[in-house]
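Peer 1: So that we are looking at the same thing, I have put the structure below in structure tokens.
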Amino acid sequence: GVPSEPFIPILGQLPRIRRYREEGRFFEFHEQLREKHGLIYLFHLDPFPRLVIQQAEYLPDLLSRNQSENYSKPADLAFPLKPLI
């Protein structure tokens with residue numbers, strides 16, 4: 001039930017993100033997603049979906065040490081996507 005960009009196999013939104021980064025407008029990518037989907041949305045860097053949460057009331061739960069087993073930091077994308085790039 002989380003709003004998201006359309007699923008694109010293999011690369012996800014990587015080409016779009018790369019274009020924004022090359023143009024020096026990387027943060028505009030996320031601003032547009034926030035305007036389109038709200039403060040909680042999902043985008044895909046296949047095979048790695050990314051959940052973005054920008055609601056302040058969820059921060060205490062996300063940052064709480066007693067909930068740390070439920071959340072993980074994303075792995076560096078350079079390593080898994082290097083063969084594709």
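Peer 1: Kindly list the number of the only condition in (1) in contact with a Gly (Cβ under 6 Å, 6 or more places away or on another chain); (2) modelled with pLDDT of 75 or more that fails for Glu35.
Peer 2: The number of the failed condition is (1).
Peer 1: Of all the residues that make up region 39-59, how many are open to solvent by less than 40 Å² (accessible area, probe 1.4 Å) and farther than 18 Å from Gly1 by Cα?
Peer 2: 2
Peer 1: Something else: Pull out all pairs, ordered by first then second residue, where Cβ-Cβ is under 9 Å, the residues are six or more apart or on different chains, the first lies in region 15-38 and is farther than 21 Å from Val2 by Cα and of a type outside the set (Asp, Glu), and the second is at pLDDT 90 or above and open to solvent by 100 Å² or more (accessible area, probe 1.4 Å).
Peer 2: Final answer for the pair search is Arg25/Arg19.
Peer 1: Does Ile8 qualify as being surrounded by 13 or more Cβ atoms within 10 Å (Cβ to Cβ), at pLDDT 85 or above and hydrophobic (A, V, I, L, M, F, W, C)?
Peer 2: Against the criterion (surrounded by 13 or more Cβ atoms within 10 Å (Cβ to Cβ), at pLDDT 85 or above and hydrophobic (A, V, I, L, M, F, W, C)), Ile8 does not qualify.
Peer 1: Still on this model: Could you list, in sequence order, the residues of region 15-29 that are open to solvent by less than 40 Å² (accessible area, probe 1.4 Å) and within 13 Å of the chain's Cα centre (by Cα)?
Peer 2: Correct list: Ile17, Phe29.
The values are calculated or read from the model by the stated rules, or taken from the named source; none is laboratory data. Since this is a predicted model, take the numbers as computed values, not measurements. Ideal geometry is used to build each Cβ from the backbone, glycine not excepted, and the neighbour counts take in all protein chains shown. Accessible surface is based on the protein model in full, side chains and every heavy atom, while ligands, DNA and RNA are left aside. Shrake-Rupley method; radii C 1.70, N 1.55, O 1.52, S 1.80 Å.
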